[in-house]
Amino acid sequence: MNVEIVELKSNGHPDTLTDLIVEACASTLDKYYQKKYGRVLHYNVDKALFSAGKAKVWFGGGKIIKPPTFILGGQASNLDWRLKRELKKVIRLTINQYLPNLKKFKIEIKTSSVSYNLKSLSEQKDKVLANDTSFGVGYYPFSSNELKVFAIRDELDKMIKEQIIPIGELYKILLTPKAVYISAPLYPQRVFSREDYAEYKSIIEKKLKKFGNVIFNPDFEGGFLYMNLTGSAIECGDDGQVGRGNRYNGLITPCRPMTIEAYYGKNNKNHTGKILSKIAFEKAKEIYEQTGKYTEIILVGKIGKPIDDYEIYVNRKV
């Protein structure tokens, strides 16, 4: 039997949200540098931590005791107060976009200056040189289980938008051969008893029954009621960290070839691991469309070499 495990973390999950924030910071740096200097200077802001706060909830409500703190690390060229202001602005906007009910949080910019060798690589004018020795992995097509997880994601996003059921923006889907487990907080402001919670749990499971054996918040039977005032456990102890969320393809797939390279927040111009991750999936799809066979691609790039000078390895399966 071929075992397949598929995981997906929502945009409101602390890990995914941290990824989305640093990627927004990377895009901001691209635009800022291009506008001010006429070219993109070196940066990598793929190191960040969303440190959780502290909260207390009860049926019908709760309170935030300590707000969470987003800490941006990594490297950025010419980081002055103006650039820090721009980064703080985009961090705040991104958090507000994905967690609209998280009203209070702190932002700290711990980003450092760049190393000389990486700075010199970015200053090459005639060619784009890779700023890391790394690799990218891709495959195509998606499996039926992976497509199922995407479909469940769409259903949950619809529930969150409609708010007929008070489900928070954070959720995690884990598909195994036995079941599909979903963990997501409910808003305590609309849950007034254990019976209310059980009813919402039952409604969600019935809505997703078409996808098989779906279990929502499996720890409920053990006496744990998962509820968050802001829709995310970032308020009460679940930290977020770059690279612990979904891969470039939007999934976490331990039974497929998968790089542990964090895609988000890396330099959009010349970071090998980031660029080759995207190209690998594109090439795998191209080969599949030509051959009709499942295809896996591994691309390997080396620091100081042209970004398009990489080793390519192809695995095809019937």
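The values are calculated or read from the model by the stated rules, or taken from the named source; none is laboratory data. Being a predicted model, the structure only gives us computed values, none of them experimental. Methodologically, a virtual Cβ is constructed for each residue, glycine included, from the backbone with ideal geometry; neighbour enumeration extends over all protein chains shown.
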Just the residues that are in a strand (DSSP E or B) and of a type in the set (S, T, N, Q), please, taken from the stretch 84-115. S112
Every listed condition ((1) buried (at least 20 other Cβ atoms within 10 Å of the Cβ); (2) touching an Asp or Glu at 6+ places or on another chain (Cβ under 8 Å); (3) within 26 Å of E261 (Cβ to Cβ)) holds for L49 save (1)
Of (1) under 30 Å from G53 (Cα atoms); (2) of a type in the set (G, A, S); (3) out of contact with any Pro (no Cβ under 8 Å at 6 or more places or on another chain), G292 fails just (1)
Of these, Y264, Y313, which one is in a strand (DSSP E or B), in contact (Cβ under 8 Å) with a residue 12 or more places away in the chain and farther than 9 Å from G138 by Cα? Y313
Let me confirm something: among I64, I91, which residue is surrounded by fewer than 21 Cβ atoms within 10 Å (Cβ to Cβ), on the phi < 0 side of the Ramachandran plot and of a type in the set (A, V, I, L, M)? I64
In the stretch 203-231, what count of residues is obtained for those that are over 12 Å from S183 (Cα atoms) and hydroxyl-bearing (S, T, Y)? 1
Report yes if E235 is surrounded by fewer than 22 Cβ atoms within 10 Å (Cβ to Cβ) and either out of contact with any helix residue (DSSP H, G or I) (no Cβ under 7 Å at 6 or more places or on another chain) or not β-branched (V, I, T) (or both), otherwise no. no
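Yes/no matrix, rows are residues, columns are (1) more than 30 Å from T253 (Cβ to Cβ); (2) aliphatic (A, V, I, L, M); (3) without any contact (Cβ under 8 Å) to a residue 12 or more places away in the chain:
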{"residue": "K9", "(1), (2), (3)": "no, no, no"}
{"residue": "P14", "(1), (2), (3)": "no, no, no"}
{"residue": "L20", "(1), (2), (3)": "no, yes, no"}
{"residue": "C25", "(1), (2), (3)": "no, no, no"}
{"residue": "L29", "(1), (2), (3)": "no, yes, no"}
{"residue": "A48", "(1), (2), (3)": "no, yes, no"}
{"residue": "F59", "(1), (2), (3)": "yes, no, no"}
{"residue": "G62", "(1), (2), (3)": "yes, no, no"}
{"residue": "K66", "(1), (2), (3)": "yes, no, no"}
Quick one: how many residues across the stretch 208-252 are at pLDDT 95 or above, of a type in the set (F, W, Y) and either in a loop (DSSP other than H, G, I, E, B) or under 14 Å from the mean Cα position of the chain (by Cα) (or both)? 1
